[in-house]
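The structure appears below as C-alpha cells.
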Amino acid sequence: MERRKLVIGTRGSKLALWQSEYIKAKLEEVTGLPVSLKVIKTTGDKILDVPLAKVGGKGLFTKELEVELLAGTVDLCVHSMKDVPTELPDGCVIAAMPERVDPRDVIVSGAGYDVTTLPQGAKLGTSSLRRRSQVVHLRPDLEIVDVRGNLDTRMRKAEDGVVDAVILAAAGITRMGWGDRITSYVPVTQMVPAVGQGAIGIEIREDDEFMLHALERIGHPETMECVTAERVVMRKLEGGCQVPIGAYARYEEGTLTMDAMVGSVDGERIIRHQMCGDAGEPEALGEAMVEVLRSLGADEILAEIREVAPDGSLDSLLGT
C-alpha cells in the first residue's frame, strides 16, 4: 500500500513532543512524506501524585501508544528508551535509535549544591529507585523526597527551594535547551545511568517494511548495540518488578564497554561491575554482565525486593 502520509504516536509532555518533532523532521527528509503527530495520554501521564514505584507494572509510558500502533492509527511511536519495557507486545519492534546524547544524571539546585556539597539532612528530589539507591549509598544522611511531574516542574522545585536539589537526566534538559540550569553532572563512577538513558527509540509494527527501510536511514547502529546490551541486563534481572538497576554501555576505542549496578532500595548494598565485550556482540556482553552481577549477589538483593513487593508495588520498601 502506497503511503501518502505518516503519523507519529507520542506523549504530550514538552520533552516527548520535542523528541517526536526531531524524528518527524528526519522522516520527512528521508521519505518526502508529510508527517503529523498524534498525542496520546499514557497511564504514567495520568498518575502524578503517586511514586511510579508504588504503582508497579510495566509500560506505564508506552502501553497506550502501542495499542494505537497495533491498531494502525499511528505508523510509529517515539519513546525515551529508558521508559520502554524489555518485553514488547507481539507484533512490535524497536526498529531504530538516533545517536544517543549525554546519558549521565545531573543535579539541579537553586543553591548550587552537588551530591557531595549538599548539607547534612538536605532534601533531594527523585522518583527513581535507581537514583535513590545510589545517592543514599553515597549520602545516607540525605532526605529523599519523591518528585513527580514534567521536567520543568521538577527543576523549579529545586530552583524555588521546595527541595534542596533534584536529580534528573542530562539528556532531557539539554534537549529542551535548559542546559544552563544544570548545577553539576554526576559522573558514571558515582551513579550508573538508567538502561537506555539518553537514547530515543522508534517503535513500529514488525511487518511494516516501508517503515523498516525508512528508519535504516535514521538509526545509529552503535547506539542500538549499546542500548541492546543494557536491555539484556534489565531483561535478565528485572523479572517484572521495578528495581534499582542501572547499565550503561558505550564504545571506547572500538571496544564495547559496560558499567552495571544492582542496589537495595535503602542503598545499603550496591553491586557494580565494569566489563568489556566484542564489538557487534551486545547480547553476549549483556549476558556475561548478568552472570557476574549474579555471582556478586544480585539475585539475593532482587529476591528481597520481590518478596516484599511481589506485585511490583514498593509501598513497604518506601516506608508507606
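None of the figures in this text is laboratory data; all of them are computed from the coordinates on show. Bear in mind that the values here come from a model prediction, so they are computed numbers and not experimental data.
Listing for the model above:
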{"quantity": "Residue pairs, from the table Lys26/Lys82; Lys63/Lys236; Lys14/Lys41; Lys41/Lys236, whose Cα atoms sit over 19 Å apart", "calculated": "Lys26/Lys82; Lys63/Lys236; Lys41/Lys236"}
{"quantity": "For Cα Rg over 2.2 N^0.38 Å, calculated from these coordinates, the label among [x] 1.23; [y] 0.98; [z] 1.05", "calculated": "[y]"}
{"quantity": "C-alpha long axis of helix 221-238 to longest principal axis of the chain, angle in °", "calculated": "50"}
{"quantity": "The chain, helix-only ellipticity at 222 nm - DSSP H runs n ≥ 4, -39,500 (n - 2.57), divided by all residues, nearest 500", "calculated": "-10000 deg cm²/dmol"}
{"quantity": "Compactness of region 105-186, expressed as Rg and Dmax over alpha-carbon positions, Å", "calculated": "11.3, 33"}
{"quantity": "Residues whose placed amide H lies under 5 Å from that of Leu37, excluding near-sequence neighbours", "calculated": "Ile8"}
{"quantity": "Partner aspartates and glutamates for Lys157 [C-alpha distance under 18 Å; skip if fewer than 8 residues away on the same chain]", "calculated": "Asp49, Asp105, Asp114, Glu143, Asp146, Asp180"}
{"quantity": "With Cα atoms, 0 to 90° folded angle of helix 129-138 axis to the chain main axis", "calculated": "30"}
